[in-house]
1. Scanning the range 35-69 for residues that are open to solvent by 30 Å² or more (accessible area, probe 1.4 Å) and among the aliphatic types (A, V, I, L, M), which turns out nearest to the chain's Cα centre (by Cα)?
2. Output the number of residues of the range 97-112 satisfying the condition of being part of a loop (DSSP other than H, G, I, E, B) and touching a helix residue (DSSP H, G or I) at 6+ places or on another chain (Cβ under 8 Å).
3. Looking only at the range 208-220, count how many residues are closer than 18 Å to ALA178 by Cβ, open to solvent by less than 30 Å² (accessible area, probe 1.4 Å) and out of contact with any Pro (no Cβ under 8 Å at 6 or more places or on another chain).
4. Being touching a residue at least 12 places away in the same chain (Cβ under 8 Å) and in contact with a Phe, Trp or Tyr (Cβ under 8 Å, 6 or more places away or on another chain) is the filter here; which residues of the range 28-55 pass it?
5. In this structure, does GLN29 turn out to be touching a Gly at 6+ places or on another chain (Cβ under 7 Å), modelled with pLDDT of 95 or more and farther than 24 Å from LEU106 by Cα?
6. Being open to solvent by 60 Å² or more (accessible area, probe 1.4 Å), farther than 16 Å from ILE172 by Cα and either of a type outside the set (S, T, N, Q) or out of contact with any Phe, Trp or Tyr (no Cβ under 7 Å at 6 or more places or on another chain) (or both) narrows it down to one of MET193, MET251, MET223, so name that one.
7. I'd like the residue in the range 166-181 that is assigned to a loop (DSSP other than H, G, I, E, B) and away from ligand 2 (no atom under 16 Å from the Cβ) and, out of all such residues, is nearest to MET251 (Cα to Cα).
8. Taking the criterion of being on the phi > 0 side of the Ramachandran plot and within 16 Å of ligand 2 (Cβ to nearest atom), would at least one residue in the range 37-49 satisfy it?
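The values are calculated or read from the model by the stated rules, or taken from the named source; none is laboratory data. As the structure is a computational prediction, the values presented were derived from the model and not from experiment. Glycine also receives a Cβ, built like all others from the backbone with ideal geometry; neighbour counts cover every protein chain displayed. Ligands, DNA and RNA are excluded from the accessible area calculation, which covers all protein heavy atoms including side chains. Shrake-Rupley method; radii C 1.70, N 1.55, O 1.52, S 1.80 Å.
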Amino acid sequence: MKLTILGSGTCVPTPQRSCSGYLLQLDGQHILFDIGFGALRRMAEADLPYQDIDLVFISHTHPDHVADLVPLLMALKYHTEFKRTKKLTVIGPPGFRNFMDDAAVLFGDWIVSPEQYPLAIKEISRRPVRAGKATIRAYPMAHDRNAVGYRLEYVDKVFAYSGDTGPCDAVIKLVRNADVALLECSFPDDQAMAGHLTPKEAGRIAQDARCKKLLLTHFYPMMEHVPVEKIVGDIYPGLVERVHDLNVYDM
Ligand SMILES: [Zn+2]
Ligand SMILES: [Zn+2]
């Protein structure tokens with residue numbers, strides 16, 4: 001499994017960080033978690049094949065997590081260098097189909113029913129999603145009404161991604177014993193905001209869940225000056241790292 005960070009920022013534009021986007025490559029599959037604005041361009045920058053994405057999981061419909069979905073669908077339709085024929089499945093939280101129907105009103109029918117390739121727009125259910133040997137489950141997070149995190153299990157490896165969340169029991173379950181837990185870490189501890197995590201909160205979650213490696217992401221600009229690894233390291237003894245756009249992690 002290979003994880004590429006396409007966007008580690010928030011809705012606040014900065015030159016260093018695009019919005020949320022995380023590409024997992026495994027067994028020839030390309031699975032994307034979130035596609036906020038700037039994430040698609042990061043794929044082009046890293047020479048990653050956006051035309052080969054098989055599955056997209058959306059954590060919630062805030063623009064910093066979903067805004068590049070329309071540009072992706074447009075790029076798949078109008079690219080001149082290849083012809084996409086394989087299916088694309090996009091899965092989101094409850095209400096996601098309505099969201100895409102509304103997007104079609106704004107942008108046109110082709111984003112929900114392109115002629116060139118099969119496009120499936122789905123919402124999460126209790127049943128896990130299977131992708132080859134991988135199984136992906138959604139957990140409700142403490143953020144927007146319908147926000148979820150995703151836990152992917154592949155052979156003996158676990159990757160879990162929180163999307164946006166505040167501290168809650170569900171996020172501990174989400175990342176329990178994960179080989180790699182990718183947690184948001186939006187604000188410093190002295191500026192905590194409901195629906196988001198601080199370094200100490202992320203550290204406590206990783207410690208309670210006994211994660212093997214903690215990757216921190218979704219940084220508002222003031223986080224650039226906060227020593228997140230040190231703060232988390234005082235709470236959680238495992239590996240911890242602040243991610244940057246285009247970082248690559250092998251699992
Ligand atoms: Zn966000
Ligand atoms: Zn959000």
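1. ALA67
2. Final tally of qualifying residues: 1.
3. So the count comes out to 6.
4. Correct list: ILE31, LEU32, PHE33, ASP34, LEU40, MET43, GLN51.
5. Considered against the rule, which asks whether it is touching a Gly at 6+ places or on another chain (Cβ under 7 Å), modelled with pLDDT of 95 or more and farther than 24 Å from LEU106 by Cα, GLN29 comes out as yes.
6. Matching residue, one of MET193, MET251, MET223: MET193.
7. That would be ASP179.
8. yes
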